Amino acid sequence: MKLLTSEKKNHAFTPKYKPNFKQIEREKRIFLKEFSSKYGYNGKIDQIRETEYPQLNKCVYLDHTGSTVFAKSTVTNFMNDLTNNLYGNPHSNSPSSQASSRRIAEVRKRILKFFDTNEQDYSVIFTQNATASAKLVGEMFPWSKRSSYKYLRESHNSINGLRRFPEQIDADFQTVTEDELFHEL
């Protein structure tokens, strides 16, 4: 059994739990016999996993919050795009730079269209990751002593880290549970 993880201790990680794949398959067959019409989009989940995530064959992977697994089609399409197009620094005027600028503009428009909005009302800003995005929002928000920042206890660490902004100006911030949040609404 392979276990894929982002932890790197001598480039090996030995799990305490070793799944019995024969038993898992047997239990899955029993489960599907009873619930097949209500589970897994009529078997398409297994099909998608097999064709799009071959690296997960006989694997247990639990680190999706740290680094999720890419779909095969995503990698293939990205590779085809990069091997068939030349993208340069979007801040220059060369043909490769103009190709980058066009691609960035196209993606921004697709994102705005997905959210049923437009460039006059919103801007799409690309960041390195969720942490960079949350930090940017925290830095740009007009915090004041009247600000009140509440965040879920089960939030991503980046969201928890935003509390430093109201904390610096002695504004209110607190952790809440989902029940407390819904009660306030």
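The values are calculated or read from the model by the stated rules, or taken from the named source; none is laboratory data. In this text, all values refer to a predicted model and were calculated from it rather than measured experimentally. All Cβ positions, glycine included, derive from the backbone under ideal geometry; neighbour counts span all protein chains shown.
Just to be sure before I move on: is Pro54 free of Cβ contacts under 8 Å to residues at least 24 places away in the same chain and exposed (fewer than 12 other Cβ atoms within 10 Å of the Cβ) in the structure I sent? Here the answer is yes, as Pro54 does meet what is asked.
Yes or no: Arg102 assigned to a helix (DSSP H, G or I), touching an Asp or Glu at 6+ places or on another chain (Cβ under 8 Å) and of a type in the set (Lys, Arg)? The answer is no for Arg102. Go through the stretch 111-139 residue by residue and tally those that are surrounded by 10 or more Cβ atoms within 10 Å (Cβ to Cβ), assigned to a helix (DSSP H, G or I) and not acidic (Asp, Glu). So the answer is 12.
Taken over the stretch 141-185, residues that are surrounded by 10 or more Cβ atoms within 10 Å (Cβ to Cβ) and in a helix (DSSP H, G or I) amount to 12.
The one condition from (1) more than 30 Å from Ile24 (Cα to Cα); (2) outside any loop (DSSP other than H, G, I, E, B) that Ser92 does not meet is (2).
Within the stretch 76-86, is there a residue that is exposed (fewer than 13 other Cβ atoms within 10 Å of the Cβ), in contact with a helix residue (DSSP H, G or I) (Cβ under 7 Å, 6 or more places away or on another chain) and farther than 30 Å from Ile48 by Cβ? So far as the stretch 76-86 goes, yes, one or more of its residues are exposed (fewer than 13 other Cβ atoms within 10 Å of the Cβ), in contact with a helix residue (DSSP H, G or I) (Cβ under 7 Å, 6 or more places away or on another chain) and farther than 30 Å from Ile48 by Cβ. Kindly indicate whether Asp46 is surrounded by 12 or more Cβ atoms within 10 Å (Cβ to Cβ), modelled with pLDDT under 95 and closer than 26 Å to Thr131 by Cβ. The answer is no for Asp46.
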